[in-house]
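A quick write-up on the structure given underneath.
The values are calculated or read from the model by the stated rules, or taken from the named source; none is laboratory data. What you see is a predicted model, and the numbers here were worked out from it, not measured in a lab. A quick note on method: Cβ atoms are made from the backbone with ideal geometry, for glycine too, and the neighbour counts reach across all protein chains shown. For the accessible areas, the whole protein counts, side chains as well, though only heavy atoms, and no ligand, DNA or RNA atoms are used. Shrake-Rupley method; radii C 1.70, N 1.55, O 1.52, S 1.80 Å.
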Amino acid sequence: MAAGLVLAPLLAGLAGVVFGYFCVRLSGVYLAMLTLAFAQICWSVTFQWVEVTGGDNGVLGVWPPDWARGKLTFYYLALILCLALTLLLRRVIRSPFGYALRAGRDSPLRAEAIGIDVMRVQWAGFVVAAASAGVAGGLFAYLKGSVFPTYISIPKSVDALLMVLLGGVQTVSGPIVGAVIYAGLHEHLVRVTEYWRLVLGLAIVGLVLAFPQGIAGFAARRWEAKRGE
């Protein structure tokens with residue numbers, strides 16, 4: 001497992017290098033469409049490359065070592081890695097590289113004018129995001145004990161996007177808050193109603209309308225407003 005958790009972000013970051021090379025040349029809706037297209041390509045490869053991925057049967061028997069098989073032990077392992085990665089990303093965002101990313105996001109022309117290579121900075125940001133996702137993917141694989149092509153299908157990408165929108169963009173804590181809310185709603189509704197998909201969709205629409213900037217973004221603004229008073 002130790003080797004797997006180390007290689008997961010490295011290989012995911014390498015995939016980010018390849019995919020990001022093409023994705024950062026676009027923006028807006030076209031960028032989103034291209035990332036989804038790459039997701040579909042990855043799904044097709046894993047689904048059809050049976051000799052390596054097992055195809056529809058997936059890769060089975062991916063279990064952690066004995067010392068990490070306890071639920072509580074694995075929980076704390078995941079929690080520690082999550083906190084460490086969150087703090088690292090928070091530091092990256094507040095570094096000169098992070099401010100260059102913000103400049104390229106808010107005003108690409110001005111950023112280029114002051115000497116920032118916006119495309120290269122965004123490419124590096126893409127790689128950092130991919131490597132971070134690799135850490136989550138590695139933990140998920142050892143948690144479930146198996147990996148299937150459905151885990152990288154387009155609906156899974158949409159789930160991740162919903163988590164970010166629920167929690168709030170432009171914040172480090174937003175996606176975490178959104179993930180907790182989305183997963184909590186999903187687990188609760190599956191138990192109480194057979195129409196859980198409909199209710200979950202309505203709940204998400206209601207939350208997005210009530211908190212356009214995300215729940216974490218709303219809380220941050222309220223906190224800043226109180227401090228201003």
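Nonpolar atom fraction for the range 79-195, defined as the carbon and sulfur part of the 1.4 Å probe accessible area, stands at 69 percent. Note on THR86 and HIS186: their simple-model spin labels are 1.8 nm apart, each label 7 Å out from Cα toward Cβ. Please report, ordered by residue number, every helix of the chain (full DSSP H runs) that is 24 Å or longer along its axis going by C-alpha atoms and whose mean Kyte-Doolittle hydropathy reaches 1.0. The answer, listed by residue number, is 2-23, 28-48, 71-93, 118-144. In the chain, taking the dipole from charged Cβ atoms about the Cα centre, the farthest positive-side position among HIS186, LEU34, LEU87 is held by LEU87. Using the rule -39500 (n - 2.57) for each DSSP H run of four or more residues, divided by the residues of the chain, the 222 nm mean residue ellipticity is -25500 deg cm²/dmol. Counted residue by residue at 0.36 nm each, then reduced by the alpha carbon distance between them, the extension gain from ALA37 to LEU109 reaches 23.2 nm.
With all protein chains kept in place, the per residue accessible area of the range 125-193 amounts to 51 square angstrom at a probe of 1.4 angstrom.
About the centre of its Cα atoms, the chain shows a dipole size close to 640 debye [charges on the beta carbon of Lys, Arg (+1) and Asp, Glu (-1) only; nearest 20 debye].
Between the range 57-129 and the range 201-228, how far is it from one alpha carbon centroid to the other, in angstrom? Using only Cα atoms, the two centres lie 23 Å from each other.
Distance from the alpha carbon centroid of the range 20-52 to that of the range 162-192 works out to 24 angstrom. Measuring nothing but how far apart in sequence close Cα pairs (under 8 Å, 6+ apart) lie, relative to its length, the chain scores a relative contact order of 26 percent. Here the contact order of the range 28-146, divided by its residue count and restricted to Cα pairs under 8 Å and six or more residues apart, works out to 31 percent. Match the structure shown to one of the listed values (1) 63, 54, 41; (2) 77, 52, 36; (3) 51, 41, 35 of Cα extents along the principal axes in Å, computed from it, and give that label. Recomputing Cα extents along the principal axes in Å here picks out (3).
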